Amino acid sequence: MVALPLVIGELPSSQRVRSLQPASLRGDQAADAAIPPISLPPTGRIQAEQQAFGSAGPGVYRITPERRALLNTIRFAEGTWTNGRGDGYRMLYGGGQFSDMARHPDFVVTSGYSSAAAGAYQFLPATWNEAARRLRLPDFQPASQDQAALYLMEKRGALARFDRQGFSHDVLALLAQEWASLPTLQGASFYGQPVKGMEELRRFYSEDLARQRIKTV
(Lines give C-alpha, C1' and ligand atoms only; values in the text may rest on other atoms or scores of the structure.)
Protein backbone atom coordinates (compact mmCIF):
# COMPACT_ATOMS: atom_id res chain seq x y z
CA MET A 1 0.00 0.00 0.00
CA VAL A 2 1.06 3.61 -0.56
CA ALA A 3 1.68 5.40 2.73
CA LEU A 4 -0.27 8.61 3.17
CA PRO A 5 0.06 11.41 5.72
CA LEU A 6 -1.93 11.33 8.93
CA VAL A 7 -5.50 12.33 8.21
CA ILE A 8 -7.99 13.52 10.80
CA GLY A 9 -11.60 14.46 10.13
CA GLU A 10 -13.32 14.69 6.79
CA LEU A 11 -13.22 16.71 3.60
CA PRO A 12 -15.91 19.37 3.13
CA SER A 13 -18.72 18.04 0.97
CA SER A 14 -17.76 20.47 -1.79
CA GLN A 15 -14.37 18.75 -2.04
CA ARG A 16 -15.64 15.18 -2.01
CA VAL A 17 -14.54 13.12 -5.03
CA ARG A 18 -16.90 10.76 -6.77
CA SER A 19 -15.60 7.25 -6.28
CA LEU A 20 -13.73 5.71 -9.19
CA GLN A 21 -14.19 2.25 -7.72
CA PRO A 22 -16.16 -0.28 -9.73
CA ALA A 23 -19.80 0.72 -9.70
CA SER A 24 -20.68 -2.44 -7.79
CA LEU A 25 -18.72 -1.11 -4.81
CA ARG A 26 -20.33 2.32 -4.99
CA GLY A 27 -23.89 1.07 -4.78
CA ASP A 28 -24.87 2.31 -8.25
CA GLN A 29 -28.28 0.98 -9.25
CA ALA A 30 -27.08 -0.43 -12.57
CA ALA A 31 -24.31 -2.39 -10.89
CA ASP A 32 -26.56 -3.54 -8.07
CA ALA A 33 -28.80 -5.20 -10.60
CA ALA A 34 -25.88 -7.35 -11.74
CA ILE A 35 -24.99 -8.60 -8.25
CA PRO A 36 -26.83 -11.66 -6.94
CA PRO A 37 -29.53 -10.64 -4.45
CA ILE A 38 -28.65 -11.08 -0.79
CA SER A 39 -30.76 -11.44 2.30
CA LEU A 40 -30.24 -9.83 5.64
CA PRO A 41 -29.43 -12.24 8.46
CA PRO A 42 -32.70 -13.54 9.88
CA THR A 43 -33.52 -11.84 13.15
CA GLY A 44 -33.98 -15.26 14.74
CA ARG A 45 -30.42 -16.24 13.87
CA ILE A 46 -28.99 -13.10 15.49
CA GLN A 47 -31.19 -13.57 18.55
CA ALA A 48 -30.17 -17.23 18.85
CA GLU A 49 -26.49 -16.30 18.70
CA GLN A 50 -27.01 -13.65 21.36
CA GLN A 51 -28.89 -16.04 23.64
CA ALA A 52 -26.34 -18.82 23.18
CA PHE A 53 -23.21 -16.78 23.64
CA GLY A 54 -24.27 -13.59 25.38
CA SER A 55 -22.93 -10.17 24.44
CA ALA A 56 -20.10 -9.01 26.69
CA GLY A 57 -19.18 -6.26 24.23
CA PRO A 58 -20.81 -4.49 21.29
CA GLY A 59 -22.72 -6.59 18.82
CA VAL A 60 -24.00 -10.12 19.18
CA TYR A 61 -21.47 -12.46 17.57
CA ARG A 62 -19.23 -14.77 19.54
CA ILE A 63 -15.63 -14.75 18.32
CA THR A 64 -14.23 -18.26 18.41
CA PRO A 65 -10.58 -19.01 17.52
CA GLU A 66 -11.80 -20.12 14.09
CA ARG A 67 -13.78 -16.95 13.49
CA ARG A 68 -10.89 -14.80 14.72
CA ALA A 69 -8.53 -16.54 12.31
CA LEU A 70 -10.98 -15.91 9.46
CA LEU A 71 -11.28 -12.25 10.42
CA ASN A 72 -7.50 -11.96 10.46
CA THR A 73 -7.31 -13.67 7.07
CA ILE A 74 -9.61 -11.02 5.61
CA ARG A 75 -7.37 -8.33 7.12
CA PHE A 76 -4.37 -10.06 5.55
CA ALA A 77 -6.07 -10.05 2.15
CA GLU A 78 -7.19 -6.43 2.50
CA GLY A 79 -3.70 -5.22 3.45
CA THR A 80 -4.65 -4.14 6.98
CA TRP A 81 -3.11 -7.02 8.92
CA THR A 82 0.06 -5.06 9.85
CA ASN A 83 1.43 -8.12 11.68
CA GLY A 84 -1.56 -8.11 14.01
CA ARG A 85 -1.01 -4.57 15.30
CA GLY A 86 -4.01 -2.45 16.18
CA ASP A 87 -3.13 0.28 13.69
CA GLY A 88 -4.78 -1.82 10.98
CA TYR A 89 -8.11 -0.83 12.52
CA ARG A 90 -7.22 2.83 11.87
CA MET A 91 -6.31 2.41 8.21
CA LEU A 92 -7.77 4.44 5.40
CA TYR A 93 -7.92 3.26 1.81
CA GLY A 94 -4.40 3.73 0.42
CA GLY A 95 -2.59 3.14 3.71
CA GLY A 96 -3.10 6.37 5.63
CA GLN A 97 -4.29 6.51 9.22
CA PHE A 98 -7.13 8.25 11.02
CA SER A 99 -7.32 8.94 14.76
CA ASP A 100 -10.96 9.37 15.79
CA MET A 101 -12.56 5.96 16.31
CA ALA A 102 -15.86 7.30 17.58
CA ARG A 103 -17.29 6.80 14.09
CA HIS A 104 -16.39 5.84 10.53
CA PRO A 105 -14.15 8.64 9.17
CA ASP A 106 -16.05 8.84 5.83
CA PHE A 107 -12.96 10.41 4.26
CA VAL A 108 -12.36 10.07 0.52
CA VAL A 109 -8.82 9.17 -0.52
CA THR A 110 -7.62 9.06 -4.12
CA SER A 111 -4.92 6.48 -4.78
CA GLY A 112 -5.54 4.86 -8.13
CA TYR A 113 -9.26 4.72 -7.30
CA SER A 114 -11.06 7.14 -4.99
CA SER A 115 -12.60 5.51 -1.96
CA ALA A 116 -13.82 6.25 1.55
CA ALA A 117 -13.09 2.68 2.71
CA ALA A 118 -11.70 2.55 6.23
CA GLY A 119 -10.83 0.24 9.09
CA ALA A 120 -9.47 -3.28 9.36
CA TYR A 121 -12.08 -4.59 6.92
CA GLN A 122 -12.13 -1.51 4.67
CA PHE A 123 -15.79 -0.69 5.25
CA LEU A 124 -17.42 1.76 2.89
CA PRO A 125 -19.52 4.31 4.80
CA ALA A 126 -22.90 2.96 3.66
CA THR A 127 -21.89 -0.62 4.46
CA TRP A 128 -20.66 0.40 7.90
CA ASN A 129 -23.79 2.42 8.64
CA GLU A 130 -26.01 -0.54 7.84
CA ALA A 131 -24.05 -2.93 10.09
CA ALA A 132 -23.73 -0.39 12.90
CA ARG A 133 -27.46 0.30 12.82
CA ARG A 134 -28.42 -3.37 12.71
CA LEU A 135 -26.07 -4.34 15.56
CA ARG A 136 -26.37 -1.04 17.47
CA LEU A 137 -22.63 -0.57 17.46
CA PRO A 138 -21.63 2.47 19.53
CA ASP A 139 -18.35 3.39 17.80
CA PHE A 140 -15.71 2.39 15.25
CA GLN A 141 -13.44 0.71 17.78
CA PRO A 142 -11.82 -2.66 16.91
CA ALA A 143 -14.47 -4.72 18.73
CA SER A 144 -17.22 -2.97 16.77
CA GLN A 145 -15.38 -3.46 13.48
CA ASP A 146 -15.01 -7.19 14.20
CA GLN A 147 -18.72 -7.48 14.88
CA ALA A 148 -19.62 -5.62 11.69
CA ALA A 149 -17.36 -7.91 9.65
CA LEU A 150 -19.09 -10.97 11.11
CA TYR A 151 -22.43 -9.40 10.25
CA LEU A 152 -21.30 -9.04 6.63
CA MET A 153 -20.22 -12.68 6.61
CA GLU A 154 -23.67 -13.63 7.89
CA LYS A 155 -25.31 -11.42 5.30
CA ARG A 156 -23.45 -13.16 2.47
CA GLY A 157 -24.41 -16.60 3.78
CA ALA A 158 -20.78 -17.43 4.60
CA LEU A 159 -20.73 -17.50 8.40
CA ALA A 160 -22.97 -20.53 8.93
CA ARG A 161 -21.17 -22.40 6.14
CA PHE A 162 -17.80 -21.56 7.66
CA ASP A 163 -18.97 -22.73 11.10
CA ARG A 164 -20.07 -26.05 9.53
CA GLN A 165 -17.22 -26.83 7.15
CA GLY A 166 -14.35 -24.56 8.13
CA PHE A 167 -12.08 -22.60 5.80
CA SER A 168 -12.83 -23.48 2.19
CA HIS A 169 -12.89 -22.00 -1.30
CA ASP A 170 -16.70 -22.05 -1.19
CA VAL A 171 -16.64 -19.83 1.89
CA LEU A 172 -14.15 -17.44 0.30
CA ALA A 173 -16.23 -17.29 -2.87
CA LEU A 174 -19.19 -16.03 -0.83
CA LEU A 175 -17.00 -13.53 0.98
CA ALA A 176 -15.51 -12.40 -2.35
CA GLN A 177 -18.82 -10.64 -3.01
CA GLU A 178 -18.05 -8.43 0.00
CA TRP A 179 -14.24 -8.14 -0.09
CA ALA A 180 -12.65 -7.58 -3.51
CA SER A 181 -9.27 -8.99 -2.39
CA LEU A 182 -10.70 -12.50 -1.88
CA PRO A 183 -10.90 -14.99 -4.77
CA THR A 184 -14.04 -16.36 -6.36
CA LEU A 185 -14.21 -20.03 -7.35
CA GLN A 186 -12.48 -19.00 -10.58
CA GLY A 187 -9.62 -17.48 -8.58
CA ALA A 188 -10.34 -13.90 -9.64
CA SER A 189 -11.81 -10.91 -7.86
CA PHE A 190 -15.59 -10.48 -7.98
CA TYR A 191 -14.85 -6.82 -8.78
CA GLY A 192 -11.89 -7.18 -11.15
CA GLN A 193 -9.28 -6.12 -8.60
CA PRO A 194 -6.07 -7.85 -7.42
CA VAL A 195 -6.66 -10.83 -5.13
CA LYS A 196 -4.69 -13.06 -2.79
CA GLY A 197 -4.35 -16.65 -3.94
CA MET A 198 -6.29 -19.44 -2.26
CA GLU A 199 -3.22 -21.34 -1.07
CA GLU A 200 -1.60 -18.21 0.39
CA LEU A 201 -4.81 -17.45 2.27
CA ARG A 202 -5.15 -21.04 3.44
CA ARG A 203 -1.60 -21.00 4.83
CA PHE A 204 -2.21 -17.74 6.65
CA TYR A 205 -5.50 -19.01 8.10
CA SER A 206 -3.96 -22.28 9.30
CA GLU A 207 -1.01 -20.55 10.94
CA ASP A 208 -3.19 -17.93 12.60
CA LEU A 209 -5.71 -20.51 13.79
CA ALA A 210 -2.88 -22.37 15.54
CA ARG A 211 -1.92 -19.10 17.27
CA GLN A 212 -5.51 -18.40 18.29
CA ARG A 213 -5.95 -21.88 19.74
CA ILE A 214 -2.81 -21.51 21.83
CA LYS A 215 -4.23 -18.27 23.26
CA THR A 216 -7.37 -20.05 24.44
CA VAL A 217 -5.58 -22.94 26.18
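The values are calculated or read from the model by the stated rules, or taken from the named source; none is laboratory data. Remember, predicted model here, so these are calculated numbers, not experimental data. Cβ sites come from the backbone with ideal geometry, for glycine too, and all protein chains shown count toward neighbours. Heads up: the accessible areas ignore ligands, DNA and RNA and are worked out on the full protein's heavy atoms, side chains in. Shrake-Rupley method; radii C 1.70, N 1.55, O 1.52, S 1.80 Å.
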Number of positions in the range 155-188 that are under 21 Å from residue 127 (Cα atoms) and either open to solvent by less than 20 Å² (accessible area, probe 1.4 Å) or of a type in the set (A, V, I, L, M, F, W, C) (or both): 15
Residue list for the range 101-121, restricted to those being under 20 Å from residue 81 (Cα atoms) and not aliphatic (A, V, I, L, M): 104, 105, 111, 115, 119, 121
The range 75-96, residues that are touching a Lys or Arg at 6+ places or on another chain (Cβ under 7 Å) and open to solvent by less than 10 Å² (accessible area, probe 1.4 Å): 88
Answer residue from the range 97-144, given it is part of a helix (DSSP H, G or I) and basic (Lys, Arg) and is least open to solvent (accessible area, probe 1.4 Å) among those: 134
Residue ID - farthest from the chain's Cα centre (by Cα), chosen from residues in the range 190-203 that are within 29 Å of residue 114 (Cβ to Cβ) and part of a helix (DSSP H, G or I): 200
